[in-house]
Amino acid sequence: MAMLKRILVAVDGSDHAHKALEQALILAENMKHPASLLIVHVNPAISINEPALGVDLEARIAEEGQHIIEPVTNQLSGRDVAYETLLIAGDPVNEICRVARERDCGMIVMGTGGKGMLAEMIVGSVSHGVLKHAECPVLTVK
């Protein structure tokens with residue numbers, strides 16, 4: 001098996017994402033050559049196809065991603081793992097798989113399940129979609 005250099009961690013601000021990140025951290029920390037983490041938040045609410053007039057799309061993605069990334073950076077502080085964060089908009093399944101491929105990630109780590117039935121269906125379908133379409137191993141964390 002090739003050496004795992006980069007792990008993509010998909011986060012959405014949920015408790016499950018928090019646990020997934022923790023798992024990814026432990027995984028990265030326990031490797032002989034620590035892998036770096038690429039932490040990705042995909043905002044599905046903003047459609048790139050119809051940007052609202054006068055709205056700075058980049059700014060909105062950044063703003064909505066910030067409250068998701070902040071607890072992530074807190075969780076990572078004091079840990080000996082290199083990481084970068086990426087905020088993007090679009091279809092989570094497509095974007096997660098695309099970024100993993102483009103950035104040569106050896107593994108994707110993500111949470112499954114959310115709060116309540118609807119979240120379960122939406123988040124569940126994202127992890128399901130990524131499992132189906134990703135070109136690398138996917139670790140889902142409950």
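The values are calculated or read from the model by the stated rules, or taken from the named source; none is laboratory data. All figures in this text were calculated on a predicted structure; none of them were measured in a lab. Cβ atoms come from the backbone with ideal geometry, glycine included; neighbour counts cover every protein chain shown. For the accessible areas, the whole protein counts, side chains as well, though only heavy atoms, and no ligand, DNA or RNA atoms are used. Shrake-Rupley method; radii C 1.70, N 1.55, O 1.52, S 1.80 Å.
Before moving on, here are some points about what is shown:
- Filtered residues of the range 5-32 (kept if open to solvent by 20 Å² or more (accessible area, probe 1.4 Å), over 13 Å from Val141 (Cβ atoms) and not polar (S, T, N, Q)): Lys5, Arg6, Gly13, Glu29, Met31, Lys32
- Restricting the first member to the range 87-101 and to residues that are at pLDDT 95 or above, and the second to residues that are open to solvent by less than 50 Å² (accessible area, probe 1.4 Å) and in a helix (DSSP H, G or I), the beta-carbon pairs closer than 6 Å and six or more apart or on different chains are Ile96/Val130.
- Leu8 meets the conditions (1) modelled with pLDDT under 90; (2) within 22 Å of Glu102 (Cα to Cα) in every case but one. The failed one is (1).
- Residue check, Gly106 more than 16 Å from Leu27 (Cβ to Cβ) and in contact with a Lys or Arg (Cβ under 9 Å, 6 or more places away or on another chain): no
- Selection status of Val42, at pLDDT below 95 and in contact with a Leu (Cβ under 8 Å, 6 or more places away or on another chain): no
- Test set (1) at pLDDT 90 or above; (2) assigned to a helix (DSSP H, G or I) - Cys136 fails condition number: (2)
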